[in-house]
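J.: I am attaching a structure below and will ask some questions about it afterwards.
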Number of protein chains: 2
Amino acid sequence: MESSIIGYSRGDLSAKTFQAFNPRTGKNLSANYAHASEDDVSRACDLAKNSALELAQLDGKSKGIFLRTLASGIEEIIDDLVVTMMAETGLPEPRVRAEAGRTSGQLRMFAELVEEGSWVDARIDLGQADRQPLPKPDLRSMLRPIGPVAVFCASNFPLAFSVAGGDSASAWAAGCPVLVKAHHAHPGTALLIGQKVVESLKACNWPEGSFSLLFGDGRTIGKSLVEHPAIKAVGFTGSRTGGRALFDLASKRPEPIPVFAEMSSINPIFVFSGMSTKQTEEFASGLLGSATLGVGQFCTNPGVVFHPGGEWGDHFAKLYSRMMQEISASPMLHDGILSAYENGLNSLSSCEGVKSLHRASSKEIVEGSFAGTCVMQTNARDFLADEAMMEEVFGPSTLLVSYESQEEMQKLAKVLEGQLTVSLFGKDIDLKKYGELVAILETKAGRLLFNQFPTGVEVCPSIVHGGPYPSTSDSRSTSVGTGAIFRFSRPVCFQGFPNDWLPDELKDENPLALRRSEG
Amino acid sequence: MESSIIGYSRGDLSAKTFQAFNPRTGKNLSANYAHASEDDVSRACDLAKNSALELAQLDGKSKGIFLRTLASGIEEIIDDLVVTMMAETGLPEPRVRAEAGRTSGQLRMFAELVEEGSWVDARIDLGQADRQPLPKPDLRSMLRPIGPVAVFCASNFPLAFSVAGGDSASAWAAGCPVLVKAHHAHPGTALLIGQKVVESLKACNWPEGSFSLLFGDGRTIGKSLVEHPAIKAVGFTGSRTGGRALFDLASKRPEPIPVFAEMSSINPIFVFSGMSTKQTEEFASGLLGSATLGVGQFCTNPGVVFHPGGEWGDHFAKLYSRMMQEISASPMLHDGILSAYENGLNSLSSCEGVKSLHRASSKEIVEGSFAGTCVMQTNARDFLADEAMMEEVFGPSTLLVSYESQEEMQKLAKVLEGQLTVSLFGKDIDLKKYGELVAILETKAGRLLFNQFPTGVEVCPSIVHGGPYPSTSDSRSTSVGTGAIFRFSRPVCFQGFPNDWLPDELKDENPLALRRSEG
């Protein structure tokens, strides 16, 4: 039996255990994982609290070494990851390898960021003893770690948004201890990575408590973690219900803490006008790829397409349904996701004015959690009349919504909830023609795309993977890209300190050669 | 009778009215102010929502013109402000003039920030069509306005943290409409500034709804404002109870919004070791000035001094008490603040082990809300045993806490709640000697000072006026300085857009000559 990782030792072998599930066979896997005990959680939090001061003193170089050691460590165990993660998730080998590459890449991206060091936003205001009417003090500020961060593994990113994924990488880079709650669907994958984290931390002489990995029920362990006074911030990727529950717990604490939950988005696509036959085919085929990528299990999966009605719309809808029919059912990450998908489609199809153009039965294959594709259709009038159609259906389905006028398109934009992405398809000139629409949509999303599909999130400094509620719990944040580090840091100002005591980032001589604002 | 300002017109003349109070005479002032009606609030919110899209399109130059027009406008009415604000607050004329100067200065600081423009953190990742295995898309991000902001006037800064104070200035600079709730203690001051805001907005052709000013009861109007779906963020300076109430309301909304509440701080001072006679006199006199500045009504007022016990400690305590006795009672901003001060002192003096070294009766002067100074004394053991001693007493009082050992000093640091500031007094070499203590204190405050007192917050790019809870509701923010603008902005990424459509901040040719990160 496997237990949690608490600092540099292991957790209790509690009586309550669970197994992972193979979505291709529909059978449980043999390994047993013990639920973390209350004592495990509090030991992990206490260790994190104790290590936080030491971690906060690490310089960018030291943090870079650890992040790079871990990145290489993950590459070393890629073959084991392929076996375990494929069994636990049903994802194909190339996806596992690509996601492992992204995960190592993210760790190295944060290593580079902290090695360079300018991310701390060093600001220096030199004192002026002779200023009138009062002397000006010497003030210098920079970003410092917020403290221990609780990270919840994402079901749909067993590597890139799990144990050593973007949340953990950005928290470590900021200088924060990380407490990870493993996802019940891929504990074996979590453990492989977790062991690599411990090995890398030890190799780099990081203090015990810089990391713990907790197995068990999300609700109970999630609550204990988020309510523990040692925890100073939360990173989460998952459902709207789950994210909101954590947000509510954190907001009710005697000392409220920020929760960065990435939750729910239908990632609407707006098609400005009809297209030529060739363009229509390209668009339908691009949409198909984006909507069915990873069996539709991406946060940026485009769930709704608003398109002009009439002849072109009818043609496009037929073409797209036909293409979706060709896609064979594939296993979703676990049976819970599959039932949520089926329930979502059932609700959607029961909405007034929704017609099913194609719905492959997910039940044709008896074993495993295989999901079939689905295309539903409605018009703007009916969509505007029923909020239920705006709810995310997580899986390989698309709702096509035809509109009749520019006015109707604007109404659609106005009623949208917050989104991770909104994609626009049209000619360059349309952007001016529909200027007000674009301005409205900008208030609804963290990322706007033009003639591109939203999946395949680029990991880079300018990416924004965040957006107004409910796509995330804090529209001022991104969970992908270098900007993710700002979630776990806070500004601290030093007034009147002697130069040789100041952190290198703030010393007169700028020994790290940072980009700083000086005044 | 005066009513609220709703966009470019005035609010309802409701039946419920209130008057301001002259703290020097203890009498109400004659002007009547009508409480804003529910209809006033919803009209103001709807106007703000409608103006938000237009405001979001304003460039830095246009925003700068408005902020500078308003700054000059405030200077034009300085004589009226002196009369009205002195009557409403009891503050002396030089303070009114200085605070007006700070207010205009802040507006110009934000004007300069947005005119220069680099604050938007423009990030550009150029596309690479030939990248393997997948082409890299073109991504560009920048900060954009969060939407309408509700601002609550601070009782203790009738100008610099009220109608056109730091919260409003930073929100306008970010491109957000502002809805201000006036403080009941200085409605006349609020109205003078509010009328200047309207005049300046009209002169600069800003859309109606960019500003409204609401009079009335904080609880009811605060609730309506914070719960209104049009409001996207809140700025508040005031009590812990008030700030937390707004935070709780905002967190429970269907769409939670960020609340930046600056609430409560005892701003502890740590004295590392005894001082020479001359140094002791300088320290006592500096502390006196800081603790009694503005009748102790500053958020950064140093309320607690941790100092070495023994002979030096006794001498210092006697000296300081004697100096405080010389300070005559002065009027607090309103009678509510005075009762809170008296209640706070009563609680403190009833704590086990607390001795009153000097307490001037606030009641000697029958008229007006005059507060006397107070010095209380205890030791670290008793302080550590009673959380009540850590509560802020807002006013001209100081609690002296003697400690016996370095270990005891560390314990004191560890139990502290979050603070706006922590000040350290000692020799340069003490910073190394007490390195762990300083590291702990850094996790407790937004600003650390060395051999300086915390009042007299410098308004500049590197200032941090924020800190862990309960000093603020979000340790990641500052409400003073240019960094305050980040509270009201969020990153938006544009993927694949044609260059000539992009905002100037993100165009290839960098027409605004911004500092950008490009990769």
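J.: Translational D (Stokes-Einstein, µm²/s) of the protein assembly as shown at 25 °C and 0.890 mPa s when Rh comes from the Kirkwood sum over C-alpha pairs?
T.: Stokes-Einstein gives a translational diffusion coefficient of 81 µm²/s.
J.: While we're here: Of A:L29, A:I74, A:I6, which is farthest along the charge dipole of segment A:1-87 in the positive direction, counting Lys and Arg as +1 and Asp and Glu as -1 at C-beta?
T.: Working it through, the farthest residue towards the positive pole turns out to be A:L29.
J.: To continue, here is another question. How many lysine pairs in segment A:269-450, separated by 8 or more positions in sequence or lying on different chains, have Cα atoms less than 25 Å apart?
T.: Count of close lysine pairs: 21.
J.: Counting only DSSP beta bridges with both residues in segment B:269-450, tell me the antiparallel percent, nearest 5.
T.: In segment B:269-450, approximately 20 percent of DSSP beta bridges are antiparallel ones.
J.: Using the 7 Å Cα-to-Cβ label point, sort the distances from A:S273 to its equivalents in the other copies shortest first and give them in nm to one decimal.
T.: Label-point distances to the other copies, shortest first: 8.1 nm.
J.: Checking the cross-link filter: which lysines have an alpha carbon closer than 22 Å to that of B:K223, excluding same-chain neighbours under 8 positions apart?
T.: Output for B:K223: A:K252, B:K16, B:K49, B:K181, B:K232, B:K252.
J.: A further question on this structure: For helix A:277-292, what angle does its Cα long axis make with the longest principal axis of chain A, in degrees from 0 to 90 and rounded to 10?
T.: So the inclination is approximately 50 degrees.
J.: For the charge dipole of the protein assembly as shown, defined by +1 on Lys and Arg C-beta atoms and -1 on Asp and Glu C-beta atoms about the Cα centroid, which residue among B:F270, B:F488, B:H334 has the Cα displaced farthest towards the positive pole?
T.: B:H334
J.: Compute the label-point distances linking A:G519 to its equivalents in the other copies; points lie 7 Å from Cα along Cα→Cβ; give nm, one decimal, shortest first.
T.: Shortest to longest, the spacings are 2.8 nm.
J.: Dipole of chain B, Cα-centred, from +1 at each Lys and Arg C-beta and -1 at each Asp and Glu C-beta, to the nearest 20 debye?
T.: Here chain B has a charge dipole of around 260 debye.
J.: Run the label-point distances for A:S405 please: 7 Å along Cα to Cβ, every other copy, nanometres, shortest first.
T.: Label-point separations across copies, in nm and ascending: 8.2.
J.: For chain A, just say rounded, prolate or oblate: build the C-alpha gyration tensor, square-root its eigenvalues into a ≥ b ≥ c, call rounded for a/c under 1.5, and beyond that prolate if a/b exceeds b/c, oblate if not.
T.: On the way: a/c = 2.18, a/b = 1.34, b/c = 1.63.
Note, shape of chain A comes out oblate.
J.: Can you sort B:C351, B:C176 from fewest to most other Cβ atoms within 10 Å of each residue's own Cβ?
T.: B:C351, B:C176
J.: Still on this model: For A:K232, A:K223, what ranking results if the residue with the fewest other Cβ atoms within 10 Å of its Cβ goes first?
T.: Exposure proxy ranking, most exposed first: A:K223, A:K232.
J.: Here is a follow-up. So if I place +1 on the C-beta of Lys and Arg and -1 on the C-beta of Asp and Glu, and nothing else carries charge, what would the dipole magnitude of the protein assembly as shown be about its Cα centre? I want it in debye, nearest 20.
T.: Result for the protein assembly as shown is approximately 220 debye, rounded to the nearest 20.
J.: Something else now. If you average the C-alpha positions of segment A:213-284 and of segment B:209-250 separately, how far apart do those two centres end up, in angstrom?
T.: So the two Cα centres are separated by 26 Å.
J.: Additional query: Could you line up A:T300, A:T25, A:T241 from fewest to most neighbouring Cβ atoms inside 10 Å?
T.: Placing the least packed residue first, the sequence is A:T241, A:T25, A:T300.
J.: With +1 on each Lys and Arg Cβ and -1 on each Asp and Glu Cβ, and nothing else charged, work out how big the dipole of segment B:303-417 is about its Cα centre, in Debye to the nearest 20.
T.: In debye, rounded to 20, segment B:303-417 gives about 240.
J.: Quick one: check the C-alpha center-to-center distance for segment A:303-335 versus segment B:483-510, whole angstrom.
T.: 33 Å
J.: In segment A:269-450, with Lys and Arg counted as +1 and Asp and Glu as -1 at Cβ, which of these residues, A:F306, A:F370, A:P396, has the Cα nearest the positive end of the dipole, that is, farthest along it?
T.: Checking the options against the dipole of segment A:269-450, the answer is A:F306.
J.: I would also like to ask the following. Would you tell me which residue of chain B has the beta carbon closest to the rotation axis bringing chain B onto chain A, and how many whole Å away it is?
T.: For the rotation taking chain B to chain A, the closest Cβ gives B:S251, 2.
J.: Among DSSP beta bridges lying fully in chain B, give the percent that are antiparallel, nearest 5.
T.: 40 percent
J.: Another question, if that's okay. Go ahead and estimate [θ] at 222 nm for chain B from helices alone: -39,500 (n - 2.57) per DSSP H run with n ≥ 4, summed, over the residue count, rounded to 500.
T.: Helix contribution divided over all residues of chain B: -12000 deg cm²/dmol.
J.: Does segment B:269-450 come out rounded, prolate or oblate by the C-alpha gyration tensor, with a ≥ b ≥ c the root eigenvalues, rounded set by a/c under 1.5 and, if not, prolate when a/b is larger than b/c and oblate if not?
T.: It comes out prolate by the Cα gyration axes.
Quick note: the coordinates plus some simple rules give every number you see, no bench work behind them. Predicted model, so just to flag it, every value in this text is computed and none were measured. Glycine also receives a Cβ, built like all others from the backbone with ideal geometry; neighbour counts cover every protein chain displayed.
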